[in-house]
Structure formats: structure tokens, C-alpha cells
Amino acid sequence: MKRKGILIVVSGFSGAGKGTLMKQLVHTYEDYALSISMTTREPRPGETEGKEYFFVSREEFEKTIREDGLIEYASYCDNYYGTPRAYVERQLEKGRDVILEIEIQGALKVKEKFPTALLVFVMPPDAAELKRRLEGRGTESPEVISKRLARASEEAEGIEKYDFIVINDRLEECVERMHVLIQAAHDTPLRNKELIDDIRKELKTLC
Ligand code: 5GP
């Protein structure tokens with residue numbers, strides 16, 4: 001039986017290093033497809049159109065919402081972020097696992113629509129490290145950093161809704177850990193309904 005692709009939803013506080021982690025994961029293993037989101041936020045220095053995000057105006061984003069072109073979207077620190085539908089559906093049909101790096105509101109919407117989605121929360125080793133990473137990035141103003149830290153505090157309230165926590169300490173170990181968790185998720189009954197139904201039917205014919 002051909003293995004079906006699943007959605008892997010990865011969330012984590014801004015500055016937790018999940019972007020680097022996901023890039024390394026898709027670089028190391030060819031099994032995964034990384035979804036590129038659409039956003040109304042301005043590109044940071046070094047970010048390019050179509051690589052980190054599709055950068056669009058609010059009008060364009062709202063038009064995509066009306067056309068049902070996103071599988072989920074959310075507002076985060078005054079900007080819209082959303083997951084384009086077409087790419088995700090195409091990759092899943094091909095049997096590839098698709099990684100969505102999104103915040104918590106979007107993660108919960110995805111879980112509602114796709115109950116087999118796997119939700120992983122990436123955490124920094126401690127909160128002080130998070131602040132250091134955000135400041136060290138040097139791309140955000142102090143106001144934006146404090147908004148993002150406030151948002152992290154809100155998001156921390158929802159961690160129990162996720163299936164797994166991964167602590168982002170050493171990059172290579174974290175990549176391995178993510179890969180193992182995703183592969184294990186493929187073997188849960190929740191993600192093998194067809195296989196279970198088939199064996200039940202076959203067993204009935206043998207009684
Ligand atoms: P940043 O501005 O730091 O790139 O992203 C801010 C937050 O938006 C992060 O928590 C990131 O995971 C989240 N995000 C990025 N793309 C999406 C998306 O398509 N949908 C949702 N709901 N959140 C997203």
C-alpha cells in the first residue's frame with residue numbers, strides 16, 4: 001500500500017530557531033516538503049520572495065482568503081500569515097509529508113480540518129535564551145521584540161494541545177529527533193485507518 005503523506009505542523013515562539021531547524025530537516029531528508037506561507041509582513045534583510053515567504057499586500061491576502069486559496073490563516077503581531085492550499089494538496093497526493101511552520105491559532109485550525117496532522121512544538125532551552133536570540137537577530141525593533149515576547153507568553157498557554165515538544169538545543173540532534181518522531185507518527189492507528197479497516201474485513205471473511 002502506498003504510504004500517505006501527513007501534515008506536520010511545527011510551532012514555537014518567535015526566536016525558538018524553528019526556521020533553521022526545518023530548513024535543516026528538509027535538507028537532510030528528501031521525504032519532506034516545506035510549505036511556503038503567504039504574509040503581509042515586510043521582508044527582513046536577507047529574505048527573498050518565494051523562499052522564506054510570498055510577500056503580499058493586505059488586499060492580495062484578503063483576495064486569496066475569499067478565493068479559498070489558503071488552508072488556514074491567522075493574524076500575528078499586526079500581520080496576516082497563511083498557508084497556500086495548492087502546494088500542500090499536491091504534495092500530500094504525491095505521498096510526501098508536508099511541513100507547515102505556523103503559529104498556534106493556525107495549528108489548531110489545521111488539526112480540526114486534518115485530524116491526522118502531527119503537531120510539534122519547538123522550545124528554546126529557556127526563556128532568557130529566547131530573548132537573547134530575538135535581540136541577537138538584530139532585525140527587529142525593541143517594540144516588535146517585546147510584542148513577540150508577549151505573544152510567546154500567550155502561546156505557552158497552549159502547549160499541551162500539541163502532540164510533541166522538541167527542545168531546540170543542538171541543531172543536528174534536534175533534526176534527528178524531529179525525523180524519528182515524524183516516522184513514528186506514521187505508525188499510529190490514527191494514521192492507518194485504511195490498513196486497519198482492510199485487515200478487519202479480511203478477518204471477517206475468514207471466520
Ligand atoms: P515571522 O514573522 O517570525 O516569520 O513569523 C511569525 C509567526 O508566524 C511565527 O510563529 C510563524 O510560525 C507564523 N507563521 C508563519 N507562516 C504562517 C502561516 O502560514 N500561518 C500561520 N497561522 N502562522 C504562520
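The values are calculated or read from the model by the stated rules, or taken from the named source; none is laboratory data. These numbers come from a predicted model, not from an experiment. With ideal geometry, Cβ positions are generated from the backbone for all residues, glycine too; neighbour counts draw on all protein chains shown. Remember, those area values only see protein heavy atoms, side chains included, never the ligands or the DNA or RNA. Shrake-Rupley method; radii C 1.70, N 1.55, O 1.52, S 1.80 Å.
Table for the structure above
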{"item": "Calculated [θ] (222 nm, deg cm²/dmol) that DSSP helices of n ≥ 4 give over the chain, each run adding -39,500 (n - 2.57)", "result": "-14000 deg cm²/dmol"}
{"item": "Carbon and sulfur %, accessible surface of the stretch 50-146 computed with the full protein complex present, 1.4 Å", "result": "53 percent"}
{"item": "Calculated Rg and Dmax of the chain using C-alpha coordinates, Å", "result": "18.4, 70"}
{"item": "All-pairs Cα distance distribution in the stretch 1-114, expressed in whole percent, bin size 5 Å", "result": "2, 11, 21, 26, 22, 12, 5, 1, 0, 0"}
{"item": "Heavy-atom accessible area ranking, 1.4 Å probe, most first, across ASP197, ASP187", "result": "ASP187, ASP197"}
{"item": "Spin-label pair THR205/TYR87, simplified geometry with 7 Å Cα→Cβ offset, distance in nm", "result": "4.3 nm"}
{"item": "Which of LEU149, CYS207, LEU190, positive extreme of dipole for the stretch 131-207 (C-beta unit charges)", "result": "LEU149"}
{"item": "Extension gain, SER153 back to LYS94 (0.36 nm per residue minus Cα-Cα distance, nm)", "result": "17.5 nm"}
{"item": "Helical segments meeting 18 Å axial Cα length and Kyte-Doolittle -1.0 threshold in the chain (DSSP H)", "result": "142-156, 171-185, 193-206"}
{"item": "Gain in span if fully extended, ARG66 to ASP198, counting 0.36 nm per residue against the direct Cα distance", "result": "43.6 nm"}
{"item": "Two-site FRET efficiency, ARG58 against THR116, from Cβ-Cβ distance with R₀ of 25 Å, rounded to 0.05", "result": "0.15"}
{"item": "Net dipole in debye of the stretch 87-207 [+1 Lys, Arg Cβ; -1 Asp, Glu Cβ; about Cα centre; nearest 20]", "result": "300 debye"}
{"item": "Per-q log10 I(q)/I(0), the stretch 50-159, q = 0.14, 0.16, 0.21 Å⁻¹ (Debye; single scatterer per alpha-carbon; no solvent)", "result": "-0.71, -0.91, -1.32"}
{"item": "Backbone HN-Hα couplings from phi across the stretch 2-17 [Karplus 6.51/-1.76/1.60, Hz, Gly and Pro as x]", "result": "6, 6, 8, x, 10, 8, 10, 9, 10, 10, x, 4, 4, x, 6, x"}
{"item": "Inter-part distance where the stretch 9-78 and the stretch 124-188 are each reduced to a Cα centre, Å", "result": "16 Å"}
{"item": "Set LYS94/LYS204; LYS94/LYS147; LYS2/LYS63; LYS18/LYS113; LYS2/LYS201 screened for pairs whose C-alpha atoms are more than 29 Å apart", "result": "LYS94/LYS204; LYS94/LYS147; LYS2/LYS63"}
{"item": "1.4 Å probe accessible area per residue over the stretch 18-150, in Å²", "result": "52 Å²"}
{"item": "Base-10 log of normalised Debye intensity for the stretch 37-103 (one unit scatterer per alpha-carbon) at q = 0.15, 0.24, 0.29 Å⁻¹", "result": "-0.48, -1.11, -1.36"}
